Amino acid sequence: MPSTVERVFTSRQETRRYYDKISDFYDALSEHSEGPVKRAGVEMLAPKPAERILELGCGTGHCVCDLAGATGSLGLVLGVDLSERMLARSRAVVEERGLSDRVRFACCDGLRLPCRAAAFDAVFMSFTLELFDTPEIPLVLRECRRVLKPGGRIVVVGMSKEGPDGLLIEVYEWTHRHFPNFVDCRPIFVRRALEEAGFAIVRKRIVDMWVPVEIAEGVP
């Protein structure tokens, strides 16, 4: 199993433009494959009534709604994303489900969260950490630790380099290297990244999408 994680070759501006462009049909492209895995991540997080939860990279808002439904009217979910158009989709989904009173949104970079320290009971991230360049991953997770309350928890869902190599992974990483504007992310070591950022792993599982996906829960 190779230990090297590929770099990310797209700039933040290119990433923002890409997700702005695909926001209207992102669900048609990805929700069928990603949706069940994201829901498994939410189940692992096990949101509780009245909790305050941050979702980093909230995309089109489906997990935001699941989190807000679980935390109830006394809870609060903050969804952050780099793309304004993805956030617009999130807002529409939240309004349609009647959850606007318990959800807030912010357009920002995960490296600089607009939140005070120890503001959240939990952080949730799905198919987002692997969008950051390799040297940035510990910085993002450091921000997540900063905004977590003592006793808080984080769940990360991400494409994984754990498990046996296969032709599909090799082709995917080759495409990422040579056509980064088409394939903007790559598999990473989720559990290892959390541990290196100072989180203790509570539980972890690997599920098969079309690539292996790690779902890991950590505590500071």
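Each value in this text was obtained by applying a stated rule to the coordinates, not by laboratory testing. Note that the coordinates shown come from a computational prediction; the quantities given were computed from them, not determined experimentally. Reconstructed Cβ throughout: ideal geometry from the backbone, glycine too, with neighbour counts over all protein chains shown.
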Per residue of the chain, what 222 nm ellipticity follows from adding -39500 (n - 2.57) for every DSSP H run with n ≥ 4, rounded to the nearest 500? -12000 deg cm²/dmol
The range 157-220: D in µm²/s via Stokes-Einstein (Kirkwood Rh, Cα pairs, 4 °C, 1.567 mPa s)? 103
I'm a student and want to see the number: the projected area of the Cα convex hull of the chain, averaged over all directions, in nm². 10.8
Based on alpha-carbon centroids, what's the gap between the range 41-99 and the range 107-181 in Å, whole number please? 17
In the structure shown, do any of Lys38/Lys149; Lys21/Lys48; Lys21/Lys161; Lys161/Lys204 have a Cα-Cα gap over 26 Å, and if so which? Lys21/Lys48; Lys21/Lys161
Sorted from fewest to most neighbouring beta carbons within 10 Å, what does the list Cys185, Cys108, Cys63 look like? Cys108, Cys185, Cys63
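About the Cα centre of the chain, what is the dipole size in debye to 20, counting +1 per Lys and Arg Cβ and -1 per Asp and Glu Cβ, all else neutral? It would help to have the intermediate numbers written out before the result.
Values: 30 positive and 32 negative charges, 150 e Å.
Charge dipole, the chain, about its Cα centre: 720 debye, nearest 20.
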Fluctuation leader among Leu148, Leu194, Leu139 - the chain, Gaussian network, Cα springs under 10 angstrom: Leu139
Which order, highest average first, do 123-131, 19-27 follow once you tally other Cβ atoms within 10 Å for each residue and take the mean per peptide? 123-131, 19-27
